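J.: Below: one structure in structure tokens.
The values are calculated or read from the model by the stated rules, or taken from the named source; none is laboratory data. Model, not experiment: these values are computed from the prediction. Quick reminder, even Gly has a Cβ in these numbers, built from the backbone with ideal geometry, and neighbours come from all protein chains shown. Keep in mind that these areas ignore ligands, DNA and RNA; they rest on the heavy atoms of the full protein, side chains included. Shrake-Rupley method; radii C 1.70, N 1.55, O 1.52, S 1.80 Å.
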Amino acid sequence: MATTDLKHRRTARIAKLKHLLAERVVVFDGGYGTMIQQHRLSEAEYRGTRFADWPSDLKGNNDLLCLTKPDVIVGIHRAYFEAGADIVETNTFNSNAISLADYGMQGLAHELNLAGARLLRDLADELEAQDGRPRIVAGSIGPANRTASLSPDV
């Protein structure tokens, strides 16, 4: 897709969001960790084929599921949209090098963010095409799992 087309689509989505915000209270999605836990995924399911021989445990690396279990993540996104959410966030809360270092996966930060955004953007576009209701995608950037200070008074 051409850069100018992407910019136009982004500008149009921002305009839709501004219109929604001026019109009414918008509904945001809920937690992902609890929704993922309901699936009771095994270590093998977190790993998928690609990471079957990864040297450390991967269960709990919920962002990795954008690559290994995209159907689970899309299902959660869909459930939030079906429940009436206007804005749904990507499953990329810990897709940063600092948090991913716990799994030795810091080099996957970009790939995970891109995969998470694509999964949700594709679903949002599909649903909006069906009924015309705007679906807003928000990139999730959670705090790192480490404090940036050694101060005991953080």
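J.: Given the criterion under 16 Å from the mean Cα position of the chain (by Cα), among the aliphatic types (A, V, I, L, M), surrounded by 15 or more Cβ atoms within 10 Å (Cβ to Cβ) and part of a helix (DSSP H, G or I), identify the matching residue among Leu119, Leu127.
T.: Values: Leu127 fails: under 16 Å from the mean Cα position of the chain (by Cα).
Criteria check complete, one pass: Leu119.
J.: Go over the candidates Ala44, Ala115 one by one and state the one that is under 18 Å from Ser140 (Cβ atoms) and either free of Cβ contacts under 8 Å to residues at least 40 places away in the same chain or of a type outside the set (Lys, Arg) (or both). Spell out how you get there, then give the answer.
T.: Numbers: Ala44 fails: under 18 Å from Ser140 (Cβ atoms).
Unique residue meeting the criteria: Ala115.
J.: Of the numbered conditions (1) open to solvent by less than 40 Å² (accessible area, probe 1.4 Å); (2) among the hydrophobic types (A, V, I, L, M, F, W, C); (3) not in a helix (DSSP H, G or I), Trp54 fails exactly one; give the number of that condition.
T.: Result: Trp54 fails condition (1) only.
Yes/no matrix, rows are residues, columns are (1) farther than 19 Å from Arg135 by Cβ; (2) touching a helix residue (DSSP H, G or I) at 6+ places or on another chain (Cβ under 6 Å):
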| residue | (1), (2) |
| --- | --- |
| Arg13 | no, no |
| Arg40 | yes, no |
| Asp71 | no, no |
| Ile87 | no, no |
| Ser95 | yes, yes |
| Tyr103 | yes, no |
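J.: Here is a further query. Can you pull out every residue in the stretch 80-116 that is more than 19 Å from Lys59 (Cα to Cα), open to solvent by 40 Å² or more (accessible area, probe 1.4 Å) and assigned to a helix (DSSP H, G or I)?
T.: If the condition is that a residue be more than 19 Å from Lys59 (Cα to Cα), open to solvent by 40 Å² or more (accessible area, probe 1.4 Å) and assigned to a helix (DSSP H, G or I), then Glu82, His110, Leu114 are the ones that fit.
J.: Test of understanding: among Val74, Val26, which residue is assigned to a helix (DSSP H, G or I) and either touching a residue at least 24 places away in the same chain (Cβ under 8 Å) or not hydrophobic (A, V, I, L, M, F, W, C) (or both)?
T.: Numbers: Val26 fails: assigned to a helix (DSSP H, G or I).
Answer to the selection: Val74.
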